[in-house]
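See below for the structure under consideration.
The values are calculated or read from the model by the stated rules, or taken from the named source; none is laboratory data. None of the values given here were measured: they were computed from a predicted structure. No Cβ is skipped: glycine too gets one built from the backbone with ideal geometry, and neighbour counts run over all protein chains shown.
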Amino acid sequence: MIRLATSADPDDWRWQLRHAATSVDDLSRALKLTPEELAGARRAAEAGLPVRVTPYYLGLADPDDPECPVRKQCVPHALEAETVAGDLEDPLGEVEHEVAPHLVQRYPDRALLLATDHCAVYCRFCTRSRMVGDGSGAVDLERLGPAFAYLEAHPEVRDVIVSGGDPVTLSTDRLVRLLTRLRAIPSVETIRLATRVPVTLPQRITAELVTALRPLHPIWVMTHFNHPKELTPESLAACIRLVDAGFPVMNQTVLLAGINDDPTTLETLFRGLVRARVRPYYLLQADVVQGTGHLRTPLARGLEIMEALQGRLTGIALPKLICDTPGGRGKVPLVPDYVVQKGPGRTVLRTFRGEEVEVIDPPTEG
Ligand code: SF4
């Protein structure tokens, strides 16, 4: 039997968006807010800062536990008002690297197209908190004209990441028109959709959506699971639906203090993703976004975690640890130091078991 989504159907992604929690009252009805959360939510309301949590994602939050990792990702906190050393409003220098309206280029071969300010859930650690939910709405094709013209004039850009906000919150029709326009640029080889919808609004990944996007391949989906609590039957089904339709799904986890900054939590997350054929791609040092100091970890913590996971987790489940350097100077991979000694033709390496092993180079010619 075909079940038709209606406006009264919580399985309908539009219902989820219409019924999202956006106010102090909405959050208070669902969760027993702490004084710090209440202050954070009131400050957001007064300052017009975006708050939105779908009923689905809010349902994953523990109503009684302020340490709940889902809750900490979506409920404002008083500490967001604090500025700490290193904080930046635009940590990746995206304004500085804008090459056309809504188009950012920080690397020679790829560019970022910002298609909307909307998200299903406004994450408290968002790199683009300066612009998400600012009310500017979806950018129409006409306004993206200069961005398309730039891409046509720069065939060295072969990979376009469509982001926002979350582009998968656009209507299917609008998203297809946008991607079709990009596909008409012969030098654009790969399109990537950067979306947290599989995590926060999995109802959006409908059969209708994947059928509509499939002719526009190759499209890669870059998603953003941060904690095993987010691996639900719904979110896993959304990922599997995408993968079955030929969309490689890659996951970028942000390392967040008190949420996922321990090897056991991340091991569970990465193993769960791989079971759904989602590749753990990056473990990202959190960007130095203004007001997120309480959610960030020291660089050394990420290295310790990677070291703990090396050897314990199959390679396909092990992401790269990345620091996207402040100011938009580019991503730097961080690797624990396994080289104990280096000499001419001979290197001593430390294995994951702590053994030291000598590796001899081949003899040089002449
Ligand atoms: S879904 Fe992405 S763009 Fe939107 S608030 Fe979360 S991190 Fe930011």
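Out of curiosity, is Leu236 surrounded by fewer than 23 Cβ atoms within 10 Å (Cβ to Cβ), farther than 29 Å from His102 by Cα, out of contact with any Ser or Thr (no Cβ under 8 Å at 6 or more places or on another chain) and not small (Gly, Ala, Ser)? Considered against the rule, which asks whether it is surrounded by fewer than 23 Cβ atoms within 10 Å (Cβ to Cβ), farther than 29 Å from His102 by Cα, out of contact with any Ser or Thr (no Cβ under 8 Å at 6 or more places or on another chain) and not small (Gly, Ala, Ser), Leu236 comes out as yes.
When restricted to residues that are among the aliphatic types (A, V, I, L, M), closer than 27 Å to Leu283 by Cβ and surrounded by fewer than 10 Cβ atoms within 10 Å (Cβ to Cβ), segment 322-366 contains 0. Pairs linking a residue in segment 150-167 that is within 16 Å of the ligand (Cβ to nearest atom) to a residue that is among the acidic types (Asp, Glu), with Cβ atoms under 6 Å and 6 or more positions apart or on different chains, are Gly165/Asp117.
Every residue, every condition in (1) modelled with pLDDT of 95 or more; (2) surrounded by fewer than 22 Cβ atoms within 10 Å (Cβ to Cβ), yes or no:
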site: Thr6; (1), (2): no, yes
site: Trp13; (1), (2): yes, no
site: Leu17; (1), (2): yes, yes
site: Ala30; (1), (2): yes, yes
site: Thr34; (1), (2): yes, yes
site: Thr54; (1), (2): yes, no
site: Asp64; (1), (2): yes, yes
site: Val70; (1), (2): yes, no
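Comparison of Leu273, Leu295, Leu256, Leu313 shows that the only residue that is closer than 17 Å to Phe352 by Cβ and buried (at least 18 other Cβ atoms within 10 Å of the Cβ) is Leu313. Among the criteria (1) part of a loop (DSSP other than H, G, I, E, B); (2) farther than 30 Å from Leu256 by Cα; (3) in contact with a helix residue (DSSP H, G or I) (Cβ under 9 Å, 6 or more places away or on another chain), the one Arg124 does not fulfil is (2). Apart from one condition, Asp117 fits all of (1) away from the ligand (no atom under 16 Å from the Cβ); (2) under 16 Å from the mean Cα position of the chain (by Cα); the exception is (1). Does at least one position in segment 129-139 carry a residue that is of a type in the set (A, V, I, L, M), farther than 30 Å from Leu255 by Cα and not in a helix (DSSP H, G or I)? Yes, because at least one residue in segment 129-139 is of a type in the set (A, V, I, L, M), farther than 30 Å from Leu255 by Cα and not in a helix (DSSP H, G or I). The set of residues from segment 138-159 being in contact with a helix residue (DSSP H, G or I) (Cβ under 7 Å, 6 or more places away or on another chain) and surrounded by fewer than 22 Cβ atoms within 10 Å (Cβ to Cβ) comprises Ala138, Leu141, Phe148. Applying the criterion of at least 3 residues that are closer than 21 Å to Leu256 by Cα to the helices (runs of 4 or more DSSP H) found wholly in segment 24-108 leaves 35-47, 69-74.
For segment 168-202, filtering for residues that are within 18 Å of the chain's Cα centre (by Cα) and either within 16 Å of the ligand (Cβ to nearest atom) or basic (Lys, Arg) (or both) leaves 14.
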